[in-house]
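Chemist: For reference, the structure I am asking about is given below.
The values are calculated or read from the model by the stated rules, or taken from the named source; none is laboratory data. Nothing here was measured: the structure is a model prediction, and the numbers come from that model. Positions of Cβ are generated from backbone atoms using ideal geometry, with glycine treated the same way; all protein chains shown enter the neighbour counts. To get the accessible areas, we keep the full protein, side chains included, count just its heavy atoms, and leave off ligands, DNA and RNA. Shrake-Rupley method; radii C 1.70, N 1.55, O 1.52, S 1.80 Å.
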Amino acid sequence: MSRWTPTTYKTRNWSDYNLALKQRGSLSIWFDAEMAWDATPSGRRGRQQSYNDAAIQACLTIKVLFGLPLRQTTGF
């Protein structure tokens, strides 16, 4: 009895393939326009924070919802 082997496909038209991936789904995220993304200066020595705590929380929420690594979430 022979074993089943999975079918492999070779993508030849990458532009159509990438376009099909983009058209697969739509994602809309609404953020409050009045939310401050920049962190307020702390007045202490050292490097200042770049983002507000609410912005970091939003990024971590997206990370957990979509199961993305943190580097992909920040690029998202």
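Chemist: Within the set of pairs 6+ apart or on separate chains, which have a first residue in region 31-42 that is farther than 18 Å from THR74 by Cα and free of Cβ contacts under 8 Å to residues at least 40 places away in the same chain, a second that is assigned to a loop (DSSP other than H, G, I, E, B) and open to solvent by 90 Å² or more (accessible area, probe 1.4 Å), and C-beta atoms under 9 Å apart?
Modeler: THR40/GLN49; PRO41/GLN49; SER42/GLN49
Chemist: Could you list, in sequence order, the residues of region 29-65 that are open to solvent by 100 Å² or more (accessible area, probe 1.4 Å) and touching a Ser or Thr at 6+ places or on another chain (Cβ under 8 Å)?
Modeler: ASP38, GLN49, listed by residue number.
Chemist: Right, here's the next one. Hey, can you tell me all the residues within region 1-15 that are under 25 Å from PHE66 (Cβ atoms) and open to solvent by less than 90 Å² (accessible area, probe 1.4 Å)?
Modeler: Hit for region 1-15 is THR11, nothing else.
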